[in-house]
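The next block holds one structure in the form of structure tokens; read it before the comments.
The values are calculated or read from the model by the stated rules, or taken from the named source; none is laboratory data. This is a predicted model, so every value here is computed, not measured. With ideal geometry, Cβ positions are generated from the backbone for all residues, glycine too; neighbour counts draw on all protein chains shown.
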Amino acid sequence: MSKASASELDEQFRRFEPHLPPRLLKAVRWLRQPSALWVRLPAALLLIAGGFIGFLPILGFWMVPLGLLLIAQDVPFLQRPLARVLRWAADRWLKPKKK
């Protein structure tokens, strides 16, 4: 990972962490570790492939961005664009609630 884009991606993942259920948070943290490379890459490719047959029940187009987020850990040119997408999503959906 290039340092700048990797840190941007890490920062965006950290913004989402407090909003994840504990079991999902544990899985995401484990998958993002460098030692999980051999699980992360096949899982990412399966999610992307499954997303392209999204017309089937359970499988869906939601799987493509999730797979891209996983694979971005190891593919530097995807890190900056996906960090931007995560920042946009966080700004849109993780806004502090107004009282």
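Values computed for the structure shown
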{"read-out": "Candidates Ala49, Ala43, Ala36, Ala6, filtered to the one that is at pLDDT below 90 and small (Gly, Ala, Ser)", "value": "Ala6"}
{"read-out": "Single unsatisfied condition, Phe61 versus (1) touching a Gly at 6+ places or on another chain (Cβ under 8 Å); (2) modelled with pLDDT of 90 or more", "value": "(2)"}
{"read-out": "Test: residue in the range 30-42 that is within 14 Å of the chain's Cα centre (by Cα) and of a type in the set (Gly, Ala, Ser)", "value": "no"}
{"read-out": "Single residue of Ser35, Ser7 found to be without any contact (Cβ under 8 Å) to a residue 60 or more places away in the chain, within 26 Å of Arg92 (Cα to Cα) and polar (S, T, N, Q)", "value": "Ser7"}
{"read-out": "Residues (in contact with an Asp or Glu (Cβ under 9 Å, 6 or more places away or on another chain) and among the charged types (D, E, K, R)) located in the range 38-87", "value": "Arg40, Arg80, Arg84, Arg87"}
{"read-out": "Subset of the range 49-73 [of a type in the set (A, V, I, L, M), farther than 21 Å from Gln12 by Cα and either in a helix (DSSP H, G or I) or in contact (Cβ under 8 Å) with a residue 24 or more places away in the chain (or both)]", "value": "Ala49"}
{"read-out": "Members of the range 74-99 that are in a loop (DSSP other than H, G, I, E, B) and exposed (fewer than 10 other Cβ atoms within 10 Å of the Cβ)", "value": "Lys95, Pro96, Lys97, Lys98, Lys99"}
{"read-out": "Those residues of the range 11-28 which are in contact (Cβ under 8 Å) with a residue 12 or more places away in the chain and either basic (Lys, Arg) or surrounded by 14 or more Cβ atoms within 10 Å (Cβ to Cβ) (or both), in sequence order", "value": "Gln12, Phe13, Arg15, Phe16, Val28"}
